[in-house]
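The values are calculated or read from the model by the stated rules, or taken from the named source; none is laboratory data. Predicted model only: the values in this text are computed from it and were never measured. Counting neighbours? That spans all protein chains shown, and the Cβs are built from the backbone with ideal geometry, glycine included. For accessibility, only protein heavy atoms count, side chains too; no ligands or nucleic acids. Shrake-Rupley method; radii C 1.70, N 1.55, O 1.52, S 1.80 Å.
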Amino acid sequence: MSNRRTTAATMAMLALLAAACGTAARDEPGPAAGDTSASAASPPVSPPVSPSVSPPGPEQSAGEAPVPAALRFTAQTLDGKAFQGKSLAGRPVAFWFWAPWCPKCLSDAPAVKAAAARQSDVAFVGVAGLDTQAAMQAFVKRTGTGDLVHLADAEGAVWTKLGVSEQSTFVFMKPDGSAEKVSGPLGRDKLEEHLRALVAR
């Protein structure tokens with residue numbers, strides 16, 4: 001009889017301990033990233049995700065094209081509108097980095113304008129920097145490239161994001177995020193050559 005009472009008491013105590021651990025697990029934050037002090041036997045907070053099906057990240061909603069790391073940026077266009085790099089995901093993109101006072105940029109402008117008019121399947125984005133907003137707007141007006149989206153990157157955030165340190169520079173990015181960086185001036189023929197490679201399947 002004594003053994004039965006001891007067993008029953010032991011079982012009751014274990015049940016109380018298990019309930020208390022469950023409450024603590026809900027109330028306390030999990031271990032920090034990289035913390036290996038937690039027991040390997042601890043149950044996962046959420047079910048594991050199959051490595052072949054990754055959940056969408058903060059820049060991607062379910063059903064949208066994956067957003068390459070290089071397109072995870074926000075900027076402002078020369079006309080003051082907010083611009084999200086992720087809006088370019090899933091398309092081939094030709095970034096053109098320019099400065100208003102740059103002679104190479106001025107010589108590339110006609111080729112860029114003509115190519116953008118012909119290549120409707122490529123998103124052309126001018127990224128202006130190294131000068132004032134007024135000077136950038138004057139360059140766009142002078143070159144007649146106002147049909148392109150131009151970002152006012154006075155702080156150089158997008159230049160840094162895409163690893164550009166000089167102008168005139170082109171970054172040709174495929175939908176999968178792979179990119180080729182080319183220094184200008186390119187001229188019409190060279191630009192067309194790079195654009196053909198960009199859209200090749």
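Within segment 171-182, is there a residue that is part of a loop (DSSP other than H, G, I, E, B), touching a strand residue (DSSP E or B) at 6+ places or on another chain (Cβ under 9 Å) and open to solvent by 10 Å² or more (accessible area, probe 1.4 Å)? The answer is yes; a qualifying residue exists.
Give the residue that is nearest to L88 (Cα to Cα), with candidates limited to residues of segment 106-120 that are touching a residue at least 40 places away in the same chain (Cβ under 8 Å) and either among the aromatic types (F, W, Y) or open to solvent by less than 80 Å² (accessible area, probe 1.4 Å) (or both). Only one residue tops the list, namely Q119. In segment 72-117, counting only strands (runs of 3 or more DSSP E) that sit wholly within it, the ones holding 1 or more residues that are within 14 Å of the chain's Cα centre (by Cα) and polar (S, T, N, Q) span 74-76, 82-84. When the criteria are applied in full, F139 meets the requirement of being surrounded by 14 or more Cβ atoms within 10 Å (Cβ to Cβ), aromatic (F, W, Y), touching a residue at least 24 places away in the same chain (Cβ under 8 Å) and outside any strand (DSSP E or B). From the set of residues in segment 89-103 that are open to solvent by 10 Å² or more (accessible area, probe 1.4 Å) and modelled with pLDDT of 95 or more, which is nearest to R118 (Cα to Cα)? Ranking the qualifying residues of segment 89-103, first place goes to P92.
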